[in-house]
1. I need every pair where a residue in segment 260-283 that is under 11 Å from R51 (Cβ atoms) has its Cβ under 7 Å from the Cβ of a residue that is among the hydroxyl-bearing types (S, T, Y), sequence separation at least 6 or different chains.
2. Anything in segment 178-190 that is under 22 Å from I55 (Cα atoms) and either hydroxyl-bearing (S, T, Y) or buried (at least 21 other Cβ atoms within 10 Å of the Cβ) (or both)? List them, or say none.
3. Among what's in segment 191-213 and is free of Cβ contacts under 8 Å to residues at least 40 places away in the same chain and under 20 Å from A278 (Cα atoms), pick the residue that is surrounded by the most Cβ atoms within 10 Å (Cβ to Cβ).
4. Kindly indicate the residue of segment 73-91 that is more than 17 Å from R141 (Cβ to Cβ) and in a helix (DSSP H, G or I) and also nearest to the chain's Cα centre (by Cα) among those meeting that condition.
5. Take the residues in segment 89-111 that are of a type in the set (D, E, K, R) and open to solvent by 40 Å² or more (accessible area, probe 1.4 Å); name whichever of them is nearest to D58 (Cα to Cα).
6. Looking at this structure, is V179 in contact (Cβ under 8 Å) with a residue 40 or more places away in the chain and out of contact with any helix residue (DSSP H, G or I) (no Cβ under 6 Å at 6 or more places or on another chain)?
7. Consider only pairs whose beta carbons are under 8 Å apart and that are at least six residues apart or on different chains; among these, list those whose first residue lies in segment 74-99 and is modelled with pLDDT of 95 or more and whose second residue is open to solvent by 10 Å² or more (accessible area, probe 1.4 Å) and polar (S, T, N, Q).
8. Please go through segment 180-204 and give me each residue that is of a type outside the set (A, V, I, L, M, F, W, C), under 18 Å from Y280 (Cβ atoms) and within 12 Å of the chain's Cα centre (by Cα), ordered by number.
Amino acid sequence: MSDRSGFPPAPERLPSPVVDNHTHLDHARRGEAAISVEDAVAAAAAVGVPRMVQIGCDLEAARWTVDLLDTPSAAGAIVGGVALHPTEATKLGPGLEAGLAEIERLAQHPRVRVVGETGLDHYWVPEDDGAGRAAQETSFRRHIDLARRSGKVLQIHDRDAHADVLRILEEEGAPERTVFHCFSGDAAMARYCAGRGWYLSFAGTLTFKNAGPLREALRAVPLDRVLVETDAPYLTPAPYRGRPNASYLVPLTVRCMAEVLDRDLDEVCRQLDVTSEALYGPW
C-alpha cells in the first residue's frame with residue numbers, strides 16, 4: 001500500500017487464493033481508513049486474496065458500491081452487496097420505504113451478488129426502542145424477500161439477536177444461499193445453521209483470546225459451510241486488534257482456521273475459494 005500509516009505489516013502469502021467475503025471499502029471515503037480501493041486490492045492480491053465482496057449498507061454506501069463496480073478497479077477483483085444495515089433502518093423513520101425501494105433498484109446491477117448486510121442489531125437498538133426494533137424487523141423481512149426474488153446471496157448482520165434472527169428466517173423462508181456475516185453464535189447455533197444449508201463467515205474475531213466459543217462453533221460445522229472475511233476496516237485479527245483492518249489481513253484469520261480445525265492450510269484455502277465461487281459466481 002502506498003500509505004501504511006497505522007496499518008499492520010503484510011502477513012505471509014497464502015498457498016492458494018481465498019476470497020474476502022465481506023469488506024467495506026467505502027469507509028475510506030469517510031476517512032475511517034487511509035487506504036484507496038486500488039491499494040486495498042493490490043495489497044490483498046499480493047498475499048493471496050485476489051477477490052473480495054464490497055458491502056454498501058446505507059444508501060450512500062450502496063450507491064458508491066454500484067458506481068465502483070463499473071470501474072476498472074473492480075474488474076476481476078470486486079463484486080458487491082447492497083442493503084440497509086439494521087441500525088440504518090432505524091434512522092430512516094418515514095424514509096424507510098423509499099430507502100428500501102432504492103436498494104431494490106441498486107440490487108439489479110449484475111455485479112451486485114449480495115443483498116446485505118441486513119438483519120437485527122439488539123446491541124445498538126435497545127429493547128425499550130420499540131419503533132426502532134420494529135423498523136429493523138420490517139427491513140430484514142423485506143431484504144429476505146428481495147434476496148429470494150432476485151436469486152442473490154443474503155448476508156445477515158446478527159448482533160445480540162440470535163433467536164429473533166433465526167425466528168424471522170424460518171417465518172419468511174431463508175434464501176437457498178444465506179450467509180451469517182461475522183458469525184457470533186455458539187456451537188449449537190452453528191450446527192443449527194449448517195443443518196439448514198446456511199453458511200457461516202468468520203472474521204478476525206476468531207483469533208481473539210476470548211473467542212473460545214467461536215472456535216468451538218467453527219469446529220462444529222463442515223468446512224464447506226465456512227467462509228472467511230475481514231469486515232474491514234473493523235475486527236482486525238490478533239495480534240493487531242485495534243488497528244485498521246483491510247483485506248490483505250485475511251491470511252491471519254485463515255491460518256487460525258487451519259490451526260483450530262487441525263487441517264492443512266492449503267486444503268482450507270482451496271475449500272474456502274470453492275465455496276465462495278459457488279455462492280457468488282465468477283468475479
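The values are calculated or read from the model by the stated rules, or taken from the named source; none is laboratory data. The model shown is predicted, which means the values in this text are computed figures rather than measured ones. Positions of Cβ are backbone-derived with ideal geometry, glycine not excepted, and every protein chain shown enters the neighbour counts. The accessibility values were calculated without ligands, DNA or RNA, using every heavy atom of the protein model including side chains. Shrake-Rupley method; radii C 1.70, N 1.55, O 1.52, S 1.80 Å.
1. Close Cβ pairs (under 7 Å, with a partner that is among the hydroxyl-bearing types (S, T, Y)) amount to D273/S16.
2. Step one: filter segment 178-190 for residues under 22 Å from I55 (Cα atoms), giving 178-185.
Listed by number, the residues that qualify are T178, V179, F180, H181, C182, F183, S184.
3. Here is the first cut: in segment 191-213, the ones free of Cβ contacts under 8 Å to residues at least 40 places away in the same chain are 191-198, 200, 205, 208-213.
Filter once more, so that each one left must be under 20 Å from A278 (Cα atoms): 193-198, 200.
Numbers: C193: 27, A194: 18, G195: 10, R196: 13, G197: 11, W198: 23, L200: 23.
For segment 191-213, the residue satisfying everything is C193.
4. Ranking the qualifying residues of segment 73-91, first place goes to A74.
5. Applying the filter and picking the extreme gives K91.
6. Values: in contact (Cβ under 8 Å) with a residue 40 or more places away in the chain: yes; out of contact with any helix residue (DSSP H, G or I) (no Cβ under 6 Å at 6 or more places or on another chain): yes.
In short, yes.
7. A89/T138; L96/T138
8. Residues of segment 180-204 that are of a type outside the set (A, V, I, L, M, F, W, C), as a first pass: 181, 184-186, 191-192, 195-197, 199, 201, 204.
Now drop any that are not under 18 Å from Y280 (Cβ atoms), which leaves 181, 197, 199, 201.
Passing the criteria: H181, Y199, S201.
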